[in-house]
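This is the structure I want to talk about, given as structure tokens.
Just so you know, all these numbers are worked out from the coordinates, no wet-lab data involved. Everything numeric here is computed off the predicted structure, so don't read it as measured data. Here the Cβ is made from the backbone with ideal geometry for all residues, glycine too, and neighbour counts use every protein chain on show.
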Amino acid sequence: MRIVGIDPGTGILGFGVIDIIKQTPRLVTAGVVTTPAHTPIDIRLEDIFDSLTEIITETEPDIMAIEKLFFARNVTTAMSVSQARGVAMLAGRKHGLPIVEYSPNEIKKTVTGYGKADKKQVQEMVRLHLKLREVPKPDDCADALAAALTHHMTHRAAIS
């Protein structure tokens, strides 16, 4: 199984692709899609869609795991993140991918064992689960890999 994880954002959207081989997760690729600040939102969303379309086409995942939007104090930020999230989901659907959603607390609890883990704890556990030499950077990338790992770990538990 190949899973693409998404940490949605308008300025920086994290992505991470992992393979599951004999129940062991392996990193395929990971990174971020960035869009320039002060660019109209429609152009930024088109850039995100085009970039994710290219990533999905190149990596051919079987499923998309995406972080759910949680309450944000800044309404403007929440709206732009939700728009980027919708565009990411659309890119996945256009490629026929099933889409699963996980809350930030579900991701933290699954990957670290603690639903209120901080960013550094999540990054370190992603590094350990994927047997990487270094923590994936930036943290948006690590968060996307955590979403993919959450699906693997949740799915594995469901079929055990």
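Divide by every residue of the chain the summed helix terms, -39500 (n - 2.57) for each DSSP H run of at least 4, and state the resulting mean residue ellipticity at 222 nm, rounded to the nearest 500 deg cm²/dmol.
Result for the chain, helices only: -16500 deg cm²/dmol.
Further, regarding this structure: Considering only Thr112, Thr35, Thr76, give the residue with the highest GNM mean-square fluctuation for the chain, with springs between Cα atoms whenever their separation is below 10 Å.
Highest fluctuation among the options: Thr76.
Please check which bits of the stretch 8-47 a label hung off Thr53 would reach, taking the label as a point 7 Å along Cα-to-C-beta and the cut-off as backbone N under 12 Å.
46-47
Which three numbers, in whole Å and largest first, are the semi-axes of the equivalent ellipsoid of the stretch 1-79 derived from its Cα gyration tensor as √(5λ)?
Taking √(5λ) for each Cα gyration eigenvalue gives 26, 15, 9 Å.
Still on this model: Looking only at the chain, where both bridge partners belong to it, what percent of the DSSP beta bridges are antiparallel (to the nearest 5)?
Close to 65 percent.
Please check the chain for the longest run free of trypsin sites (Lys or Arg not before Pro) that are loop-located per DSSP (anything but H, G, I, E, B) and have at most 16 other Cβ atoms within 10 Å.
23-67
If contacts are Cα pairs under 8 angstrom and at least 6 residues apart, what is the relative contact order of the chain in percent?
32
A follow-up question, please. Measure up Lys94/Lys137; Lys94/Lys116; Lys68/Lys116; Lys68/Lys109; Lys22/Lys68 against 25 Å on the Cα-Cα distance and list the ones that go over.
Too far apart for the 25 Å limit: Lys94/Lys137; Lys94/Lys116; Lys22/Lys68.
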